[in-house]
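J.: Please read through the structure below; I'll follow up with questions.
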């Protein structure tokens with residue numbers, strides 16, 4: 001018997017998965033709301049939501065919100081579809097599809113380097129000469145691509161990895177545009193979302209904006225944790241023009257993206273352009289359908305999106321190691337001093353663990369989030385707790401979204417743990 005409504009949440013829970021609903025019903029989602037959806041063996045077993053989408057408006061069945069960096073999984077999926085169709089060779093030079101890219105030391109850069117955050121273009125120098133936080137310039141895709149093509153990489157492509165927080169979406173989006181003639185948002189809608197009936201978008205129309213949850217935060221924590229002094233050092237480092245960290249943070253007009261993310265990415269000016277590294281919109285249900293398809297070898301409900309070979313290729317570990325996008329020497333020294341004073345470990349570069357466009361699960365060390373207990377799982381996280389992943393061994397696909405970006409992934413970790421406890 002399906003549970004149509006349970007205390008503190010709305011939605012459906014299949015028999016045997018009641019513990020997942022209970023886990024979702026308890027714990028804090030912050031000042032807003034959220035939704036969780038899971039598929040097992042291609043069947044939806046949990047689809048629940050609770051809380052508020054905006055002041056005075058409850059989260060509804062069709063509520064969507066900003067995916068944050070989980071958007072990158074959708075960008076990777078677009079490239080993966082092209083690979084599956086034989087239109088994009090991940091071991092080919094980027095310049096084979098984007099000739100202008102073959103300059104400034106990037107002649108041998110491969111498509112796989114772009115997909116795995118190892119191409120060495122983590123930021124956009126002098127971003128403020130093109131973009132601003134009022135929304136201008138973010139749809140200047142030709143100029144953005146030309147600037148990226150002209151850049152010298154921060155490191156030899158393929159030798160290190162470093163999170164390309166915003167440039168990832170621009171780079172993959174330009175590859176999709178060069179191969180198909182379509183923008184990445186259009187390609188996602190026509191070739192993936194519509195056939196799969198997945199409520200996911202890159203670049204919002206008026207209809208999507210109308211049903212989108214507002215973004216807010218009780219407190220935005222950084223990777224340094226709750227110590228205010230360490231947080232301020234990180235923000236200070238993000239404002240040091242010319243550094244890889246500041247460029248990756250899109251520092252301009254006196255502010256870095258982390259300082260304005262909720263306001264910018266939660267408003268029409270930040271949701272309407274196609275920013276495929278950060279501003280996708282979707283429902284937990286739509287995200288779960290995407291990852292359920294990936295967990296099933298590329299098909300769901302009779303619709304094949306990918307070949308099994310492409311799913312295997314893109315989910316294999318490509319590169320891992322400490323992030324090459326880290327604090328400058330002065331900021332590292334300041335952070336070490338503050339850490340010692342407070343009796344906590346000195347902050348170190350984030351450990352990155354990349355498949356082709358997807359984050360690989362990290363099961364052998366404490367980490368920010370989990371994609372369940374299996375090392376074969378892959379997906380992508382996003383600021384504030386957004387999460388989507390596929391587990392091809394247990395054949396699980398999960399989507400979790402909320403609109404209060406303060407805090408971490410503790411809530412989703414607990415709900416995901418409950419899901420796995422319910423599996424046979």
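J.: Which one of the conditions (1) within 21 Å of the chain's Cα centre (by Cα); (2) at pLDDT 95 or above does residue 394 fail to meet, given that it meets all the rest?
T.: The failed condition is (1).
J.: Just checking, which of 185, 216, 162 is in contact (Cβ under 8 Å) with a residue 24 or more places away in the chain and within 14 Å of residue 325 (Cα to Cα)?
T.: Working: 185 fails: within 14 Å of residue 325 (Cα to Cα); 216 fails: within 14 Å of residue 325 (Cα to Cα).
Of the residues listed, the single one that is in contact (Cβ under 8 Å) with a residue 24 or more places away in the chain and within 14 Å of residue 325 (Cα to Cα) is 162.
J.: Here is a further query. Which of the residues belonging to the stretch 117-130 are surrounded by fewer than 21 Cβ atoms within 10 Å (Cβ to Cβ) and part of a loop (DSSP other than H, G, I, E, B)? Before you say what the answer is, go through the steps one by one.
T.: To start, the set of residues in the stretch 117-130 that are surrounded by fewer than 21 Cβ atoms within 10 Å (Cβ to Cβ) comprises 125-126, 128-130.
Passing the criteria: 125, 126, 130.
J.: For the stretch 139-195, which fully contained helices (runs of 4 or more DSSP H) count at least 3 residues that are modelled with pLDDT of 95 or more and buried (at least 22 other Cβ atoms within 10 Å of the Cβ)? Write out each step before concluding.
T.: Values: elements: 141-150, 167-180, 184-188.
By residue number, 167-180, 184-188.
J.: Within the stretch 28-53, can you find the residues that are surrounded by 22 or more Cβ atoms within 10 Å (Cβ to Cβ) and in a loop (DSSP other than H, G, I, E, B)?
T.: Once the filter is applied, which keeps residues that are surrounded by 22 or more Cβ atoms within 10 Å (Cβ to Cβ) and in a loop (DSSP other than H, G, I, E, B), the stretch 28-53 yields only 32.
J.: In the stretch 299-346, what residues are free of Cβ contacts under 8 Å to residues at least 24 places away in the same chain and at positive phi?
T.: 302, 343
J.: Can you tell me which of (1) crowded, with 17+ Cβ neighbours inside 10 Å; (2) touching a strand residue (DSSP E or B) at 6+ places or on another chain (Cβ under 7 Å); (3) more than 19 Å from residue 131 (Cβ to Cβ) is the one residue 204 doesn't meet?
T.: Just one mismatch for residue 204, condition (3).
J.: Just name the residue that is surrounded by the fewest Cβ atoms within 10 Å (Cβ to Cβ) out of those in the stretch 404-424 that are part of a loop (DSSP other than H, G, I, E, B) and without any contact (Cβ under 8 Å) to a residue 60 or more places away in the chain.
T.: Applying the first criterion (part of a loop (DSSP other than H, G, I, E, B)) to the stretch 404-424 yields 405-409, 423-424.
With without any contact (Cβ under 8 Å) to a residue 60 or more places away in the chain added as a condition, the list becomes 409, 424.
Numbers: 409: 19, 424: 6.
Applying the filter and picking the extreme gives 424.
J.: Let me ask something additional. Can you tell me which residues in the stretch 237-257 are free of Cβ contacts under 8 Å to residues at least 60 places away in the same chain and within 19 Å of the chain's Cα centre (by Cα)?
T.: Kept after step one, since they are free of Cβ contacts under 8 Å to residues at least 60 places away in the same chain, are these residues of the stretch 237-257: 238-239, 241, 254, 256.
256 - this is the single residue of the stretch 237-257 that is free of Cβ contacts under 8 Å to residues at least 60 places away in the same chain and within 19 Å of the chain's Cα centre (by Cα).
J.: What are the pairs, 6+ residues apart or on separate chains, where a residue within the stretch 347-367 that is over 14 Å from residue 389 (Cα atoms) has its Cβ under 7 Å from a residue that is surrounded by 15 or more Cβ atoms within 10 Å (Cβ to Cβ) and at pLDDT below 85?
T.: Qualifying pairs under 7 Å: 347/224; 347/230.
J.: Exactly one condition in (1) assigned to a loop (DSSP other than H, G, I, E, B); (2) under 19 Å from the mean Cα position of the chain (by Cα); (3) crowded, with 18+ Cβ neighbours inside 10 Å is not met by residue 306; state its number.
T.: Condition (2) is where residue 306 drops out.
J.: How many residues, within the stretch 97-116, are farther than 22 Å from residue 294 by Cα and either part of a loop (DSSP other than H, G, I, E, B) or out of contact with any helix residue (DSSP H, G or I) (no Cβ under 8 Å at 6 or more places or on another chain) (or both)?
T.: Of all residues in the stretch 97-116, those farther than 22 Å from residue 294 by Cα come to 97-110.
Adding the requirement that they be either part of a loop (DSSP other than H, G, I, E, B) or out of contact with any helix residue (DSSP H, G or I) (no Cβ under 8 Å at 6 or more places or on another chain) (or both) leaves 97-99, 102-109.
The number of residues fulfilling the criteria is 11.
J.: Next up: How many residues are assigned to a strand (DSSP E or B) and surrounded by fewer than 22 Cβ atoms within 10 Å (Cβ to Cβ) if we restrict to the stretch 54-73?
T.: Counting residues in the stretch 54-73 that are assigned to a strand (DSSP E or B) and surrounded by fewer than 22 Cβ atoms within 10 Å (Cβ to Cβ) gives 3.
J.: Additional query: If I filter the stretch 288-295 for residues that are out of contact with any strand residue (DSSP E or B) (no Cβ under 6 Å at 6 or more places or on another chain), touching a residue at least 40 places away in the same chain (Cβ under 8 Å) and part of a helix (DSSP H, G or I), do I get at least one hit?
T.: To start, the set of residues in the stretch 288-295 that are out of contact with any strand residue (DSSP E or B) (no Cβ under 6 Å at 6 or more places or on another chain) comprises 289-290.
Now drop any that are not touching a residue at least 40 places away in the same chain (Cβ under 8 Å), which leaves 289-290.
If we keep only those that are part of a helix (DSSP H, G or I) too, we end up with 289-290.
Yes, some residue in the stretch 288-295 is out of contact with any strand residue (DSSP E or B) (no Cβ under 6 Å at 6 or more places or on another chain), touching a residue at least 40 places away in the same chain (Cβ under 8 Å) and part of a helix (DSSP H, G or I).
J.: In the stretch 384-392, is there at least one residue being surrounded by fewer than 21 Cβ atoms within 10 Å (Cβ to Cβ) and touching a helix residue (DSSP H, G or I) at 6+ places or on another chain (Cβ under 9 Å)?
T.: Within the stretch 384-392, the subset surrounded by fewer than 21 Cβ atoms within 10 Å (Cβ to Cβ) is 392.
Right, trim to touching a helix residue (DSSP H, G or I) at 6+ places or on another chain (Cβ under 9 Å) and you get 392.
Yes, the stretch 384-392 contains at least one residue that is surrounded by fewer than 21 Cβ atoms within 10 Å (Cβ to Cβ) and touching a helix residue (DSSP H, G or I) at 6+ places or on another chain (Cβ under 9 Å).
J.: Continuing with this model, one more query. Being in a helix (DSSP H, G or I), in contact with a helix residue (DSSP H, G or I) (Cβ under 9 Å, 6 or more places away or on another chain) and more than 15 Å from residue 211 (Cα to Cα), is that true of even one residue in the stretch 271-286? I'd like the intermediate steps shown before the answer.
T.: Going residue by residue through the stretch 271-286, those that are in a helix (DSSP H, G or I) are 271, 284-286.
Now narrow it down to the ones that are in contact with a helix residue (DSSP H, G or I) (Cβ under 9 Å, 6 or more places away or on another chain): 271, 286.
With the extra rule that they be more than 15 Å from residue 211 (Cα to Cα), the set shrinks to none.
No, every residue in the stretch 271-286 fails to be in a helix (DSSP H, G or I), in contact with a helix residue (DSSP H, G or I) (Cβ under 9 Å, 6 or more places away or on another chain) and more than 15 Å from residue 211 (Cα to Cα).
J.: Can you tell me which residue within the stretch 370-383, out of those that are in contact with a helix residue (DSSP H, G or I) (Cβ under 7 Å, 6 or more places away or on another chain) and assigned to a loop (DSSP other than H, G, I, E, B), is surrounded by the fewest Cβ atoms within 10 Å (Cβ to Cβ)? Spell out the reasoning first.
T.: Here is the first cut: in the stretch 370-383, the residues in contact with a helix residue (DSSP H, G or I) (Cβ under 7 Å, 6 or more places away or on another chain) are 370, 372-373, 378-383.
If we keep only those that are assigned to a loop (DSSP other than H, G, I, E, B) as well, we get 370, 372-373, 383.
Numbers: 370: 21, 372: 23, 373: 14, 383: 21.
Ranking the qualifying residues of the stretch 370-383, first place goes to 373.
J.: I'm checking my understanding of the structure. Among residues of the stretch 310-364 that are more than 22 Å from residue 232 (Cα to Cα), assigned to a loop (DSSP other than H, G, I, E, B) and out of contact with any strand residue (DSSP E or B) (no Cβ under 7 Å at 6 or more places or on another chain), which one is modelled with the lowest pLDDT?
T.: Here the answer is 364.
J.: Moving on to the next point. State all residues of the stretch 7-27 that are assigned to a helix (DSSP H, G or I), within 26 Å of the chain's Cα centre (by Cα) and farther than 12 Å from residue 423 by Cα; if no residue qualifies, say none. Give the derivation first.
T.: So in the stretch 7-27, the residues assigned to a helix (DSSP H, G or I) come out as 18-25.
Narrowing further to those that are within 26 Å of the chain's Cα centre (by Cα): 20-21, 23-25.
Within the stretch 7-27, 21, 23, 24, 25 qualify.
The values are calculated or read from the model by the stated rules, or taken from the named source; none is laboratory data. On a predicted model such as this, the values are computed, not experimentally measured, just so you know. Here the Cβ is made from the backbone with ideal geometry for all residues, glycine too, and neighbour counts use every protein chain on show.
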